[in-house]
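Participant: Could you have a look at this structure, given as structure tokens, before my questions?
Only the coordinates and a few stated rules stand behind these numbers; no lab work does. Nothing here was measured: the structure is a model prediction, and the numbers come from that model. Positions of Cβ are generated from backbone atoms using ideal geometry, with glycine treated the same way; all protein chains shown enter the neighbour counts.
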Amino acid sequence: MIEKLFKQIGLGKREVKVYLACLDNANTTISILQEKTKLSRSTVYYVLDVLIKNNLISESKNANRKYYQAEDLKNLKNLLEERKRDLDASINQYDEIEKILNLKIKDNTTFQTSYYQGIEAVSKLYNNIYKNNKNTTFRIFSSLQNPKNPKIRKLFSLVINNRLKNNIKLKAISPAEDRKLELRSEDTIQLRESRFLPQNKFPLKSDLVICDNLLHMTSFENDEPVTVLI
């Protein structure tokens, strides 16, 4: 049950392990948490930092030694309420985008789309978009897509590297599933700010990316990337 609640606020299995270990061991230390959770020391440090920022764990110091303690469960409820507000705001934003697109569809003079299919075509498109939008911030509504094709996984790496090369930040709203939660540890080095929402409340089938008046949707179904640029 608690794992499900943690997922809804964007926290994964590692955070659950560390939080429960703190609940069972008042004023505990890094060494004890490492032993109880079977996680690496660096991972425990990272997870504690996440939990402290979310007011689920508190840190104290005594004789130059740090101790950690689980906070009141009411803080978890507060986080759930905050995520609910985020969800409502995201849905409203998505609804506004949908309205704009529907209006453009009705007005052929203002609605232009381009269609790109295949790894090479999509890769070139992303590279051109990044070159023309340096030092900006993109917003993405991320889907649950998890392509198995190694060529597409390589495409992901190339796209990320090109984004970083052009100093483009990313504000991402993603479904709270383990793979994406684990990637959050790379947010800082990848110029990304991740927020998470319940999977069943935000089941996008394609990645939706927004930058100023630019919008594109990408699907990886059947391991073949397809992007529609608007």
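Participant: Which of LYS148/LYS205; LYS7/LYS84; LYS53/LYS165; LYS7/LYS53 have a Cα-Cα distance over 24 Å?
Facilitator: As for pairs spanning more than 24 Å Cα to Cα, those are LYS53/LYS165.
Participant: Please rank VAL228, VAL47, fewest neighbouring Cβ atoms within 10 Å first, as an exposure proxy.
Facilitator: Ranked by crowding around the Cβ, least crowded first: VAL228, VAL47.
Participant: Once you've got the Cα coordinates, tell me which of LYS4/LYS171; LYS134/LYS154; LYS13/LYS124 are over 27 Å apart.
Facilitator: LYS13/LYS124
Participant: I've got another one for you. Rounded to the nearest 0.05, what FRET efficiency do ASN132 and LYS169 give with R0 = 22 Å and r taken as the Cβ-Cβ distance? Could you check?
Facilitator: Given R0 = 22 Å and the Cβ-Cβ separation, E is 0.90.
Participant: What base-10 log of the normalised intensity I(q)/I(0) is obtained for the stretch 2-74 from the Debye formula, alpha carbons as equal point scatterers, at q = 0.18, 0.24 Å⁻¹?
Facilitator: For the stretch 2-74 at q = 0.18, 0.24 Å⁻¹, log10 I(q)/I(0) is -0.62, -1.11.
Participant: Which shape class, rounded, prolate or oblate, goes with the stretch 113-229 when its Cα gyration tensor gives a ≥ b ≥ c as root eigenvalues, a/c under 1.5 marks rounded, and past that a/b bigger than b/c marks prolate?
Facilitator: rounded
Participant: I've got another one for you. Within the stretch 166-193, which residues have the backbone N less than 18 Å from the label spot 7 Å out from TYR45 along Cα→beta-carbon, could you tell me?
Facilitator: The answer is 185-189, whose backbone nitrogens lie closer than 18 Å to the label point.
Participant: Out of the trypsin sites (Lys or Arg not before Pro) in the stretch 1-57, which ones are loop residues according to DSSP with at most 13 other C-beta atoms within 10 Å?
Facilitator: Taking the stretch 1-57 and a limit of 13 other Cβ atoms within 10 Å, the loop trypsin sites (Lys or Arg not before Pro) found are LYS38.
Participant: Multiplying the sequence separation of LYS13 and LEU158 by 0.36 nm and subtracting their Cα-Cα distance, what value in nm do you get?
Facilitator: 49.3 nm
Participant: Filter the trypsin sites (Lys or Arg not before Pro) in the stretch 138-230 down to the DSSP loop ones having no more than 10 other Cβ atoms within 10 Å, then list what survives.
Facilitator: When the trypsin sites (Lys or Arg not before Pro) of the stretch 138-230 are filtered for loop state and at most 10 Cβ neighbours within 10 Å, LYS148 remain.
Participant: Would you mind ranking GLU15, GLU224 by Cβ crowding within 10 Å, fewest neighbours first?
Facilitator: GLU224, GLU15
Participant: For a quick check: sort TYR126, TYR45 by the number of other beta carbons within 10 angstrom, fewest at the front.
Facilitator: With the sparsest Cβ surroundings first, the list reads TYR45, TYR126.
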